[in-house]
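Everything on this sheet refers to the single structure shown next.
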Amino acid sequence: MTRDTTAGTPRAAEATSRIAGGCLTVGLMVLSALLLLVSFAATTEIDSPEAFPGIKDNRSVLVLMILVLGLAALLGAVAIALRLSRTRLTTAVVSLACTVLLTAAGCRAYTLAPMLQCWGHESLAHNPNGSYTCHDR
């Protein structure tokens, strides 16, 4: 009877942890991208007053929380990728994807910031000059 001892070697355990870490990194980056997409979609009506005039529900606090969760997922993906990657190609690919997602998050934060003045109000309206008017129904 022969015994296969390659599965218990440190090299096999390291390869398994890299595969698991890679899958977790990709999963967190996809989650981050989806959360950023949801944060853009949640305020489509408010962002374009020409297409959707009038007073809309104030979702800015919810969108801010979704944005923060997306950034936390992205930072987790970066931390795992930097911890487990040994090749420059992997680091470059993760860095490029994170740069794209961070740029989208920055754009989202830039467009969301003026809405946050209405933090405690139920609804808001986007004025033609780019400002927001807070309303309570």
Original post:
Could you say which residue among Leu112, Leu101, Leu96 is part of a helix (DSSP H, G or I), under 24 Å from Ala73 (Cα atoms) and without any contact (Cβ under 8 Å) to a residue 12 or more places away in the chain?
Top reply: Leu96
Original post:
Met29 is checked against (1) at pLDDT 90 or above; (2) under 30 Å from Tyr132 (Cα atoms); (3) among the aliphatic types (A, V, I, L, M) and fails just one. What number does that condition carry?
Top reply: (2)
Original post:
Cβ-Cβ below 8 Å, separation at least six or inter-chain, first residue in the stretch 52-72 and in a helix (DSSP H, G or I), second at pLDDT 90 or above and among the β-branched types (Val, Ile, Thr): which pairs?
Top reply: Ile66/Val38
Subject >> Only one of Ser39, Ser17 that is more than 27 Å from Gly106 (Cα to Cα) and within 26 Å of the chain's Cα centre (by Cα) >> reply: Ser17
**OP:** Within the stretch 67-81, identify whether any single residue is touching a strand residue (DSSP E or B) at 6+ places or on another chain (Cβ under 9 Å) and either within 30 Å of Ala15 (Cα to Cα) or polar (S, T, N, Q) (or both), and answer yes or no.
**Re:** no
Original post:
How about the stretch 88-127: which of its residues are among the aromatic types (Phe, Trp, Tyr) and either over 21 Å from Leu37 (Cα atoms) or in contact with a helix residue (DSSP H, G or I) (Cβ under 7 Å, 6 or more places away or on another chain) (or both)?
Top reply: Trp119
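The values are calculated or read from the model by the stated rules, or taken from the named source; none is laboratory data. Note that this is a predicted model, so its numbers are computed, not measured. Heads up, the Cβs are rebuilt from the backbone with ideal geometry, glycines too, and the neighbour counts pull from every protein chain shown.
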